[in-house]
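Single-structure report; data block below.
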Amino acid sequence: MTGGPPARDVDEVLALYDEFAGHRYDETVSQLDHGLQCAALARRDGAPDALVVAALLHDVGHLLHLRDGGRGPVPEDLHHEDRGADYLAGVFGPEVTEPVRLHVRAKRYLVAVEPELLDRLSPASVSSLERQGGPLRGSELDDFRAERAHADAVALRRWDDAGKVEDLTVPPFEDYADLLRSRVRP
Ligand code: FE
Ligand code: FE
């Protein structure tokens, strides 16, 4: 997956979701519904605004893949978390981008410390886990805990795994436009 330029402004991010987020990718819900459910769960749990934004946009890397002509999941790991974080860094600060960057490692962390979690992951999440390196082990666990945003990333990951419910009613994307603008870094 190529890097591509960072986002220029919030309008570009909004347009990207408008055009590509109806796609299902490899989950049962669309990217749009998935992001909206994660953001609603973050809100429900009283997360700070920056983390709500991170929850909403955490899989933007998948949308970039689609924008650039990708056709959904491919066998190799696309590193959508890095790609998404680098893209969002054009607009948002690390309180948004770093939980996004760590959300895959947070899954690898959680299945290492809570193996029973594997039973609750979606089939797509289980199959990508192997491509992403499987559960963290040994020093990888400490390295992850040493990340500044690791707790936010773990919280985001729990919403991520819960935010795949079919036909759940949640606030629409437009409701977050002002929040996104308010979190743009100076
Ligand atoms: Fe993801
Ligand atoms: Fe996700």
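The values are calculated or read from the model by the stated rules, or taken from the named source; none is laboratory data. In this text the structure is predicted, and so the values were computed from the model without any measurement. Counting neighbours? That spans all protein chains shown, and the Cβs are built from the backbone with ideal geometry, glycine included. For accessibility, only protein heavy atoms count, side chains too; no ligands or nucleic acids. Shrake-Rupley method; radii C 1.70, N 1.55, O 1.52, S 1.80 Å.
Angle between the Cα long axis of helix 150-162 and the longest principal axis of the chain, 0 to 90 degrees, nearest 10? The helix 150-162 is inclined about 80 degrees to the chain.
Heavy-atom accessible area, probed at 1.4 angstrom with all protein chains present, ranks V126, V111 as V126, V111, highest first.
Ordered by solvent-accessible area of protein heavy atoms (1.4 Å probe), largest first, the residues S122, S182 come out as S182, S122. Computing the accessible area with a 1.4 Å probe over protein heavy atoms, can you report the carbon and sulfur percentage for the chain? On the chain, the fraction of accessible area on carbon and sulfur atoms equals 50 percent.
Accessible surface for region 24-135, divided over its residues, is 38 Å² per residue with a 1.4 Å probe. Taking every alpha-carbon pair under 8 Å whose residues sit at least 6 apart, region 1-72 reaches a relative contact order of 30 percent. Note on region 10-182: with charges restricted to the Cβ of Lys and Arg (+1) and Asp and Glu (-1), its dipole about the Cα centre is near 320 debye. Over the chain, what relative contact order in percent results from Cα pairs under 8 Å that are six or more residues apart? In percent, rounded to a whole number, it is 31.
Against the chain, whose longest principal axis is taken from its Cα atoms, helix 31-44 shows a tilt of about 80°.
For A149, nonlocal amide neighbours, meaning residues 5 or more places apart or on other chains whose placed amide H falls under 5 Å from its own, do not occur.
The largest accessible area among R148, R24 belongs to the first residue in R148, R24, and the rest follow in falling order (1.4 Å probe, all chains).
Going by the alpha-carbon gyration tensor, a ≥ b ≥ c the square roots of its eigenvalues, is the chain rounded (a/c under 1.5) or, if a/c is not under 1.5, prolate (a/b greater than b/c) versus oblate?
Taking the square roots of the gyration eigenvalues as a ≥ b ≥ c, the chain is rounded.
Against the main long axis of the alpha-carbon atoms of the chain, helix 10-20 sits at an angle near 70°.
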